[in-house]
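Colleague: Submitted below is the structure of interest, expressed as structure tokens.
The values are calculated or read from the model by the stated rules, or taken from the named source; none is laboratory data. None of these values were measured; they are calculated from a predicted model. Glycine gets a Cβ as well: all are built from the backbone with ideal geometry, and neighbour counts include every protein chain shown.
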Amino acid sequence: MKSAGIQPREGYPNPTLVEADCGTINAMGLPNPGIKEMISELESSPPLEVPVIASIYGYSTEDYTQGAKLASSSRVAAVELNVSCPHVEKVGKEIGQSPELLADIVAGVKRATTKPVFVKLTPNVTDIVALAKTAQDSGADALVAINTVRAMQIEINTGRPLLGNKVGGLSGRAIKPIAVRCVYEISKEVDLPVIGCGGVLEASDALEFLMAGASAVQIGTGIMIKGTQIFREICQGISEYMKTKGIGSVEEIVGLAHRY
């Protein structure tokens, strides 16, 4: 689910999304109806055959702990902490770059919920592995790498930044090599499952993340490009690859690149 906070948030004025050469740049501003409304909608919907992960954000440890309590519905399988939004003050630029704040939030959320806690890390730091270790030491159950990369685009005829917020987050094809590197480095040093994301459009992209050390893969921009059938296409592509290579389980692929 998209990230939600304790209070509803309108988000930024348009334009909030622009195309880049190899992806998109967005500054949505975390628009959402609030966690209570989000969970109410989930609980009133027909039962789903797949696990649902609730993503939450906040501006303080108290926000995150309260948000985790509100999100801990019986219909929710895990809670993801968005501590890495690159274009909202006090959500990503401060929390996701501060080991002390991150440790306090993760520990607080772990005390507030019995659900598994995933921490989505920012690439906009000098040492993402250090933050991954902080999350692990504070009790995180899994890590998500990566969120978007800070970026902007300017209209040259007017000199105006194209996004309403001026600066946004780059996602899609352009960030895949960065994301793969982050997953590789994190999984080499941290003993937690890593969920890889950034630029996944084909089965080969997902396989690359798995080989880098990811146990699972998230897809975002790819849905806008290919629609929801992208999930089936990628799963089928991975199955075909495994048959061709004589691989019996996905686990045999995870971390393959670390053998070399």
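Colleague: Restricting to region 200-238, name every residue that is of a type outside the set (D, E, K, R), in contact with a helix residue (DSSP H, G or I) (Cβ under 8 Å, 6 or more places away or on another chain) and under 18 Å from Ser187 (Cβ atoms).
Modeller: Passing the criteria: Val200, Ala206, Leu207, Phe209, Leu210, Met211, Ala212, Gly213, Ala214, Val217.
Colleague: Show me the strands (runs of 3 or more DSSP E) found entirely inside region 1-76 where at least 2 residues are modelled with pLDDT of 95 or more, within 18 Å of Gly108 (Cα to Cα) and in contact with a Phe, Trp or Tyr (Cβ under 9 Å, 6 or more places away or on another chain).
Modeller: Working: elements: 17-20, 23-26, 53-56.
In region 1-76, the matching strands (runs of 3 or more DSSP E) lie at 53-56.
Colleague: Just name the residue that is modelled with the highest pLDDT out of those in region 92-113 that are outside any helix (DSSP H, G or I) and out of contact with any strand residue (DSSP E or B) (no Cβ under 7 Å at 6 or more places or on another chain). Let's see the steps before the verdict.
Modeller: Step one: of region 92-113, the residues outside any helix (DSSP H, G or I) are 92-94, 98, 113.
Filter once more, keeping what is out of contact with any strand residue (DSSP E or B) (no Cβ under 7 Å at 6 or more places or on another chain): 92-94, 98.
Working: Gly92: 55, Lys93: 55, Glu94: 58, Ser98: 87.
The extreme case among them is Ser98.
Colleague: Would you confirm, using the coordinates I've provided, whether Pro51 is free of Cβ contacts under 8 Å to residues at least 40 places away in the same chain, surrounded by fewer than 22 Cβ atoms within 10 Å (Cβ to Cβ) and out of contact with any Gly (no Cβ under 9 Å at 6 or more places or on another chain)?
Modeller: Yes: the conditions hold for Pro51.
Colleague: Same structure, new question: Taking the conditions exactly as written (touching a Leu at 6+ places or on another chain (Cβ under 8 Å), farther than 14 Å from Leu143 by Cβ and modelled with pLDDT under 95), does Ile253 satisfy them or not? Please lay out each step first, then the result.
Modeller: Numbers: touching a Leu at 6+ places or on another chain (Cβ under 8 Å): yes; farther than 14 Å from Leu143 by Cβ: yes; modelled with pLDDT under 95: no.
Judged against the criteria, Ile253 is not a match.
Colleague: Among the residues that make up region 198-209, is at least one of them farther than 20 Å from Ile128 by Cα, over 20 Å from the mean Cα position of the chain (by Cα) and small (Gly, Ala, Ser)? Can you show your working first?
Modeller: So in region 198-209, the residues farther than 20 Å from Ile128 by Cα come out as 200-207.
Next, from what is left, pick out any that are over 20 Å from the mean Cα position of the chain (by Cα): none.
No, because not a single residue in region 198-209 is farther than 20 Å from Ile128 by Cα, over 20 Å from the mean Cα position of the chain (by Cα) and small (Gly, Ala, Ser).
Colleague: Mind checking which pairs have a first residue in region 242-260 that is over 19 Å from Asp191 (Cβ atoms) and a second that is outside any helix (DSSP H, G or I) and of a type in the set (A, V, I, L, M, F, W, C), Cβ under 6 Å, 6 or more apart or different chains?
Modeller: none
Colleague: Taking only pairs six or more apart or across chains, which ones have beta-carbon atoms under 9 Å, a first residue in region 7-30 that is crowded, with 18+ Cβ neighbours inside 10 Å, and a second residue that is in a loop (DSSP other than H, G, I, E, B) and among the basic types (Lys, Arg)?
Modeller: Here the result reads Ala27/Lys166; Met28/Lys2; Leu30/Lys2, each pair linking region 7-30 to a residue that is in a loop (DSSP other than H, G, I, E, B) and among the basic types (Lys, Arg).
Colleague: Of all the residues that make up region 131-164, how many are farther than 29 Å from Phe209 by Cβ and either of a type outside the set (D, E, K, R) or in contact with a His (Cβ under 9 Å, 6 or more places away or on another chain) (or both)? Walk me through it before giving the result.
Modeller: From region 131-164, those farther than 29 Å from Phe209 by Cβ are 154-162, 164; that's our starting set.
When the remaining residues are screened for being either of a type outside the set (D, E, K, R) or in contact with a His (Cβ under 9 Å, 6 or more places away or on another chain) (or both), the result is 154, 156-159, 161-162, 164.
Number of matching residues: 8.
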